[in-house]
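Trainee: For reference, the structure I am asking about is given below.
The values are calculated or read from the model by the stated rules, or taken from the named source; none is laboratory data. As the structure is a prediction and not an experimental result, all values here were calculated from the model. Using ideal geometry, Cβ is built from the backbone for each residue, glycine included, and neighbour counts are taken over all protein chains shown.
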């Protein structure tokens, strides 16, 4: 019991230090070169977004990982596909394993992101409901999306990527996700804008603009969007953020509950159309 408490305290401290580091970095970028000067650094929903980060890391992610380890880990790591993939990938240099794993993870994120925009939109809309996109928006999402994140890493494990490569790739993706939500006027020029995601690129993903709907799904490599026809990144800045057609509750945790109701409505509508 004592060791469990100490481990929990260590995780809490590590998360707090991580948030402080990102706050300092965001403060520099958002104050020195803001994309929108009208978005305050701390706004009405910032405290709920930070609270979500703590709940995800300290509660929902451990629960999801426990369920994964208990139900799927043995199956995923003891089969022909995993053994064959690991035998091949394990012979690659560490840098090649990492780069390949990072590209593969971003491809999986792209796929699940597109899936969420179509079939799980009520849950993903919690993230897109942000009217003020800045440093804390990256921690604003529904707990149900934890399942998609675990699924991505499960696929990588299944096809034979070593656990350390997956963890390093996930670490880079998390940094990129946080950085790309910064309210900073930063975009790449030339061919670089197709190689690495910028905050400007991702702000268009959040834009309340019909032309930008369902665009810019990747987290790290924009060429993935370019390949699949979802790249949209004009030079001008988006003017508004949010979601079309729906008003979610103001209270943050009410948004989580409302997502289940909204998803249920969509499923009922789908079945009613099939019956006609």
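Trainee: Return the residue satisfying two criteria in turn: it lies in the range 170-219 and is under 19 Å from residue 116 (Cα atoms) and in contact with a strand residue (DSSP E or B) (Cβ under 7 Å, 6 or more places away or on another chain), and of such residues it is surrounded by the fewest Cβ atoms within 10 Å (Cβ to Cβ).
Mentor: Filtering first and then ranking leaves 208.
Trainee: Now a separate question. Quick one: would you say residue 244 is modelled with pLDDT of 95 or more and not in a helix (DSSP H, G or I)?
Mentor: No.
Trainee: Across the range 180-222, what is the total count of residues that are in a loop (DSSP other than H, G, I, E, B), touching a residue at least 24 places away in the same chain (Cβ under 8 Å) and in contact with a helix residue (DSSP H, G or I) (Cβ under 8 Å, 6 or more places away or on another chain)?
Mentor: 16
Trainee: Tell me whether the range 251-274 contains one or more residues that are out of contact with any helix residue (DSSP H, G or I) (no Cβ under 8 Å at 6 or more places or on another chain) and assigned to a loop (DSSP other than H, G, I, E, B).
Mentor: yes
Trainee: Right, residue 222: surrounded by 12 or more Cβ atoms within 10 Å (Cβ to Cβ), farther than 28 Å from residue 55 by Cα and more than 18 Å from the chain's Cα centre (by Cα) or not?
Mentor: no
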